[in-house]
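The values are calculated or read from the model by the stated rules, or taken from the named source; none is laboratory data. What you see is a predicted model, and the numbers here were worked out from it, not measured in a lab. Here the Cβ positions follow ideal geometry from the backbone for every residue, glycine too, while neighbour counts run over all protein chains shown.
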Amino acid sequence: MNAVTAAPGAASRALAVLVSLSLLSLSASAPSPPAVEDAQWLARAVVATADNRAAPFAVVDKKNARVFVFDAAGRLQGSSPVLLGLAHGDDSVPGIGEREMSRIRPEERTTPAGRFRTEPGRNAQGEDIVWIDYDAAVSMHRVRATVKSERRLERLASPSVADNRISYGCINVPAAFYDAYIKPALGSRRGVVYVLPETVAPHERFEFLSRPA
C-alpha cells in the first residue's frame, strides 16, 4: 500500500479500529491463498465496524488480481484469480457507462476502487451478473472467452498477475467459482463488494476504517 499522511483525528480513529481488530480471529475454510493478508485485514475491519450489515461480502484485491468471498462473520469462504480493467487506476471516467464500448479508450478501461452496494442483475444477453456500479456499467460476471485472441481463460490460469488486466472495467470470474461462491453470496440479494485501491491508501476509499469500532 502507498504510504500517506493522515490527519491526527483520522489516525487515532484508525488506530482504535486496528486495536479492536487484533482481538478478532478470522478462520478460513480452506488453506489461505496467496496475498490473502490484505483481504483478511480489510474483512476484519468490515466486521469490527459492522459495515457489511451482517451480510456476506467480497473483497477484490486489484494488485494481486484476486477476489475473496467472506460470510457475514468475516470467515473466508473462497478465493479466485480474476480479470480486471486493462488500465491501472481507481476511478471510472465520468459518463463512461453511457458510451459504446468501441468508444472507450484503453487508458479509460479501469476497475474502480471503493465500497460498492451491489445488486443482482442481467446483461444484454440475459446472463445473471452482479452489478458493482450500475451507472459506470461495471459488474462482476463469469469470464467470457468469446474473443479467442484475448486469451481470457489462459490469463486466469497464468501464475502471473501482469496479464490479468484485459477487461473494460468489469470483474471477470471463473464460471465455476462464480456459481459456487459469488452467486450464492451476492446473486440473489443486495450486498457489498470492497475493491481495494491500487493508487492510494485504503482509508482514502473506505470511510469505515476511520470509524470507532
Would you please name the residue that is nearest to PHE177 (Cα to Cα), looking only at residues in the range 130-147 that are of a type outside the set (Phe, Trp, Tyr) and not in a loop (DSSP other than H, G, I, E, B)?
-> ARG142
Can you pull out the residues in the range 190-203 that are in a loop (DSSP other than H, G, I, E, B), out of contact with any Ser or Thr (no Cβ under 8 Å at 6 or more places or on another chain) and not polar (S, T, N, Q)?
-> PRO197, GLU198, VAL200, ALA201
Filtered residue count, the range 75-129, keeping only those that are assigned to a helix (DSSP H, G or I) and either within 16 Å of ASP61 (Cβ to Cβ) or acidic (Asp, Glu) (or both) | 3
Does the range 178-189 contain any residue that is assigned to a loop (DSSP other than H, G, I, E, B), modelled with pLDDT of 95 or more and of a type in the set (Phe, Trp, Tyr)?
-> no
Of the conditions (1) surrounded by 14 or more Cβ atoms within 10 Å (Cβ to Cβ); (2) in contact with a Ser or Thr (Cβ under 9 Å, 6 or more places away or on another chain), ASP135 clears all except one; give me its number.
-> (1)
Selection from the range 150-180 of residues closer than 18 Å to ARG109 by Cα and loosely packed, with under 14 Cβ neighbours inside 10 Å yields ALA162
For ALA137, are the conditions met, namely being small (Gly, Ala, Ser) and without any contact (Cβ under 8 Å) to a residue 60 or more places away in the chain?
-> yes
